[in-house]
Amino acid sequence: MVATTSPTVNPQAELLKCSVPIWPTQLRRYTEMTLPEFPSPNYNVEEMQIEFARHELRGDWEEFIHPSGATYNYNENKRTYAEMNLRTCSDEQLQKLESWIDALRTKIPGNQWFLVVEPMSAEGIEIYPYYCVVPQNHTIAWIEPVNCYLLFQECTAVWDWNHKRLELEAQYWKHVEYFPRGMQVTLQEIRDLRIHLNWCRIEALALEKSTAGSIFWTLEQMKEMADELATAGTHTDLVQHLQIDDQRTEDLASSMGDVSAPCTVICGKLLYMLRHHQYLNHYGQPEARLMRTHSLGERYRDFEKSPFMASVAIAMLWIPFVVLGRLRNFYVDGLVNEVDMRRFIDNFNAQSKSQTTMASVIMAVDASILAIPGLGSLLPTKTMCSISFVLSAYCIIACAVAQHFSHRMRSLDFATYYLQGKMTSFLIVVSIPSLLYLTSLACSIIGFLVGVFTIEFGLSSSAKIGCGLAIIIGTGLVIPLTIVSFGPGLIR
């Protein structure tokens with residue numbers, strides 16, 4: 001009888017099977033609003049309890065507080081950040097995590113790389129989403145080949161390493177923003193960042209669609225950010241005063257050449273934005289926002305070809321399609337750019353305010369027309385001006401409600417909900433104030449002209465001819481302007 005030998009199981013290999021590659025922007029703490037699990041709440045404060053906040057330690061793990069207030073754990077001996085609640089995890093879970101870290105460390109060259117892990121349970125099995133941080137190369141990496149489609153999908157043409165390297169460096173700086181402990185930003189990097197920000201600001205002064213306009217806020221806020229970088233230092237007794245130019249002395253870093261955690265976080269956030277923009281703009285496309293049009297074409301063509309949408313657009317004087325054209329600048333399959341969304345909302349609010357003012361003027365004009373002897377008593381004039389008056393009143397109400405709706409649109413979650421599944425409703429809603437304004441204006445004009453040209457009003461023939469010529473000239477001037485504004489391809 002031949003004895004069979006069972007294959008030996010390698011514990012390290014079994015642990016590494018639980019590894020799941022991720023990148024910083026996939027960390028749950030920054031993508032999901034989850035609260036830590038505690039046994040039971042405790043709202044009591046002990047008598048005369050005045051000691052400082054305790055520095056949480058568990059073995060070699062130490063808890064740190066992010067400048068935003070969030071907490072994270074760092075093990076300096078293992079050079080590892082862990083996204084888990086060490087207060088409630090069991091000793092067995094912690095020991096298994098450390099065994100997994102040791103197993104993964106055997107695959108990492110040297111001890112200079114950092115490791116980030118976010119343990120979680122999936123169908124009763126402990127898995128370890130992770131990524132490695134390489135400070136010397138300003139990038140992240142994994143111990144296995146990774147399909148990074150979700151990471152690179154914002155750009156349709158990705159095959160060159162130099163191109164992909166830009167997004168990986170962007171993710172490195174996102175890690176620096178999330179975990180400033182142990183990460184160093186040198187004085188030279190801060191100075192280079194300030195120079196880059198100044199270039200963005202100068203470019204924005206010359207170009208409306210500039211880098212600053214695509215990824216930053218206003219020019220004033222960006223200038224303030226650059227000024228904050230110039231004065232961001234550590235403790236006053238360690239600050240080294242460095243003369244950058246002839247006009248000011250800047251406190252940039254400590255005498256050791258590093259900076260405080262808040263400044264590290266600021267630098268990480270800004271450098272992530274800049275590198276990500278460079279990734280999107282790698283092939284010289286005119287601004288990153290134009291890169292977002294790669295998946296817009298089919299969706300918007302479907303809208304324009306929809307019989308229902310075409311009927312709605314005709315009934316609403318083509319206004320929904322005008323709004324649809326504006327949405328091309330910032331909406332791509334649920335990905336919404338906050339800066340462009342804010343610009344759209346500001347323009348919409350300004351338009352609503354002007355329409356409110358004009359509706360009030362139209363109401364005053366309607367009342368004046370109805371008060372003209374001989375003109376206001378005519379049935380067509382009374383009918384059209386009365387309709388115009390009522391529509392103007394509703395236009396004012398609609399503009400007030402629309403401004404409240406636009407205020408809610410400042411929340412990206414609310415905006416994405418409408419732009420993803422309620423696009424038709426969104427187009428109709430934002431078109432209502434303009435529709436009411438234009439129809440009330442048209443009714444007022446028609447009511448006045450119908451009354452003026454009736455025989456009962458008694459206007460002389462020469463006056464009627466003058467009014468007719470004014471109408472023809474005005475219409476002839478407005479039509480080419482309308483064609484140029486909404487259909488530049490129609491004029492050659």
Over the range 354-408, with neighbouring protein chains present, the accessible area per residue in Å² at probe 1.4 Å is 51
Protein chains only, probe 1.4 Å: how do L274, L469, L378 rank by accessible area, largest first? L469, L378, L274
Let me check something: with ligands and nucleic acids excluded, how do K17, K464, K174, K96 order by accessible area (1.4 Å probe), largest to smallest? K17, K96, K464, K174
Applied in sequence order to the range 444-452, the curve 6.51 cos²θ - 1.76 cosθ + 1.60 (Karplus, θ = phi - 60°) yields integer Hz couplings, x standing for Gly and Pro, of 5, 5, 5, x, 5, 5, 4, x, 5
When ligands, DNA and RNA are left out and all protein chains stay put, how many square angstrom of accessible area per residue does the range 37-119 have with a 1.4 Å probe? 67
Distance check, please: which entries in K164/K269; K17/K96; K269/K422 exceed 22 angstrom between their Cα atoms? K269/K422
Go through the range 78-86 residue by residue and turn each phi into a ³J(HN,Hα) via Karplus (6.51, -1.76, 1.60, θ = phi - 60°); whole Hz please, and just put x for glycine and proline. 9, 6, 9, 9, 10, 9, 7, 8, 6
With all protein chains present, how much of the accessible area of the range 102-212 (probe radius 1.4 Å) comes from carbon and sulfur, to the nearest whole percent? 52
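The values are calculated or read from the model by the stated rules, or taken from the named source; none is laboratory data. Bear in mind the structure is a predicted one, so any value in this text is a computation, not a measurement. Note: areas computed on protein heavy atoms with side chains; ligands, DNA, RNA excluded. Shrake-Rupley method; radii C 1.70, N 1.55, O 1.52, S 1.80 Å.
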